[in-house]
1. How do the strands (runs of 3 or more DSSP E) wholly within region 249-298 filter down when requiring 1 or more residues that are among the aliphatic types (A, V, I, L, M): which remain?
2. Looking for whichever is closer than 28 Å to F247 by Cα, surrounded by 20 or more Cβ atoms within 10 Å (Cβ to Cβ) and more than 16 Å from the chain's Cα centre (by Cα) here; the options are L94, L135. Which one fits?
3. Name the single residue, out of those in region 97-121 being aliphatic (A, V, I, L, M) and within 26 Å of the chain's Cα centre (by Cα), that is farthest from V137 (Cα to Cα).
4. Does T236 satisfy being of a type outside the set (F, W, Y) and at pLDDT 85 or above?
5. Restricting the search to region 231-248, which residues are part of a strand (DSSP E or B) and not small (G, A, S)?
6. Go through region 202-233 and give me each residue that's basic (K, R) and at pLDDT below 90.
7. Inspect all residues belonging to region 153-174 and state whether any of them is at pLDDT 55 or above, closer than 22 Å to Q326 by Cα and surrounded by fewer than 20 Cβ atoms within 10 Å (Cβ to Cβ).
8. Looking only at region 282-317, which residues are under 20 Å from the mean Cα position of the chain (by Cα) and among the small types (G, A, S)?
Amino acid sequence: MSENENKKSKLTSILAIVGFIVIIAIGIWGAINAVRLAPQVFSTLASPFDRVSDEIDIRVPSSSINSNTPFELSWKHGGKDGVYAFSYRCRPGLQFQVPQPDGTYLPINCESPYNIQSSNNSFRLIPISSMNRFLDVPFVIAYINKEGEIAAEGSSMITVVNQSAPESPDTVSLGNLGSTGPEPSQPTSPTPSTPYPVTPNLSIPTTPTNLPDLSVRILGVGSINPNTRTFVPQSTLNASDIGAVRFEIINSGNKASGVWGFSASLPTNPSFKYTSERQRSLNPGDRIEYTIQFDQLVRGTNTFTVHADAADEIKEVSEANNIATQAIAVE
């Protein structure tokens, strides 16, 4: 066996899947009749085909925000005579707060529109997550004109990270795929637990054709703490770090995907391409979240790439959303 083949064998042998979840996203946000704006905002997020024609371009500093850490939420839109409102999806143990000039914090109730007091299309928020290490939170910003109608809206999502929460089993961790350390004496085979449905949350847009549609979204970049083995979001990594990328693959079509696989090109030295085992079929709206980690980082700015259905085995609505890339800065 060649040196390169032996190295790849060692890399593969240490693969360990330690958690698994499939989130069934088939529900819709409940309308709040007591607030006139709420049903309109939630329905536009849950039913993109009925959206107003004017969209708001939402900007967040990062896709992952630490719990209890203020961040600036901004947007681009030309509204002048109306007001903007913010609303977010109810999630267990989550609340947003707005810092006030007097040093206090104003809590925002979930699924209840909050009128934004801003003259420059931005305001500061503090997400507080008390129960989950990683929590995906969809939210909406809507523009209400002087007639009281929603004239524009935009939606986005952030992942709130609570480092003090217990390690969540709600991810698929793909071990250290870049390590060339000693090979385990008794390597274990991946043993994902049986997927199970959880409480319905945000409905996923369906497509007009009877086909599956796998898509990939990068959730965050960071490193693995060597002591706690937990994910730490970072914008810039050190060459000695164990790098990590969190991403999800979702079936946003309206037909089961059938078995499938994915590949990931890792920014390591030497470069390494990971090819997954066969993954279980995803029903419409199902999604799987993965965490993949690797060492032997290369200084500079390099690219991580993940490709769902890399073998092109599934007939889908679109192949354009099967690939996601992420620049990773290493110093």
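The values are calculated or read from the model by the stated rules, or taken from the named source; none is laboratory data. Note that the structure is predicted; figures quoted are calculated from it, not measured. Positions of Cβ are generated from backbone atoms using ideal geometry, with glycine treated the same way; all protein chains shown enter the neighbour counts.
1. Working: elements: 262-266, 272-275, 286-294.
Once the strands (runs of 3 or more DSSP E) in region 249-298 are filtered for at least 1 residues that are among the aliphatic types (A, V, I, L, M), what remains is 262-266, 286-294.
2. Values: L135 fails: more than 16 Å from the chain's Cα centre (by Cα).
Result of the check over L94, L135: L94.
3. In the first step, residues of region 97-121 are kept if they are aliphatic (A, V, I, L, M); the result is 98, 106, 108, 116.
Narrowing further to those that are within 26 Å of the chain's Cα centre (by Cα): 98, 108, 116.
Numbers: V98: 16, I108: 14, I116: 19 Å.
Ranking the candidates gives I116 first.
4. Working: of a type outside the set (F, W, Y): yes; at pLDDT 85 or above: yes.
Answer is yes for this residue.
5. If we filter region 231-248 for residues that are part of a strand (DSSP E or B), which is where we start, we get 231-233, 236-237, 243-248.
Those that are part of a strand (DSSP E or B) and not small (G, A, S): F231, V232, P233, T236, L237, V245, R246, F247, E248.
6. If we filter region 202-233 for residues that are basic (K, R), which is where we start, we get 217, 229.
Answer for region 202-233, where residues must be basic (K, R) and at pLDDT below 90: just R229.
7. Here is the first cut: in region 153-174, the ones at pLDDT 55 or above are 153-166, 174.
Narrowing further to those that are closer than 22 Å to Q326 by Cα: 155-161, 174.
Add one more test, that the residue is surrounded by fewer than 20 Cβ atoms within 10 Å (Cβ to Cβ), and what stays is 156-157.
Yes, that holds for at least one residue.
8. Keep residues of region 282-317 that are under 20 Å from the mean Cα position of the chain (by Cα), which gives 282-294, 303-309.
Passing the criteria: G285, A308.
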